[in-house]
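Chemist: Have a look at this one before I ask anything.
Coordinate-derived values only; no laboratory data. On a predicted model such as this, the values are computed, not experimentally measured, just so you know. Glycine also receives a Cβ, built like all others from the backbone with ideal geometry; neighbour counts cover every protein chain displayed.
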Amino acid sequence: MPGSHRSNTVDPGLLNRGYLLKLANLKDFAGMLVFDKWTCNTDPRQVIFTRDGDPNSDRVVMIDFGYCFHACNWRFHDNRLVGVFVEWFVYNSIKGMEAFESWLKVLDNDLDVRM
């Protein structure tokens, strides 16, 4: 049941710029931006914040609700803000295309096609 076990949850009042910038995997937002653009994810980026006891190691987990390829419309929607996380400053560490290189390599080399 939601809310039945909250010993390691993040207090919603902590979800501010300072908190987000301290996330252990903040750079994963760049990877999800690559994925969201590649798949034309048309809903805003949704995330879950996790904590394993140490507040200095909080992480973000990316989730999706099925709007890749514009959901049932199956078309690419040309809008630069599609799939972007609402708190835009999580992308501040991106200074150029090199920030996306490792993520693009995953798409190019590391995805298995399973039939």
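Chemist: Considering only segment 85-111, state which residues are of a type outside the set (Phe, Trp, Tyr), in a helix (DSSP H, G or I) and out of contact with any Phe, Trp or Tyr (no Cβ under 7 Å at 6 or more places or on another chain).
Modeler: Matches in segment 85-111: MET97, GLU98, ALA99, GLU101, SER102, LEU104, LYS105, VAL106, ASP108, ASN109.
Chemist: In addition: So is LEU26 touching a residue at least 24 places away in the same chain (Cβ under 8 Å) and either assigned to a loop (DSSP other than H, G, I, E, B) or touching a Cys at 6+ places or on another chain (Cβ under 7 Å) (or both) or not?
Modeler: yes
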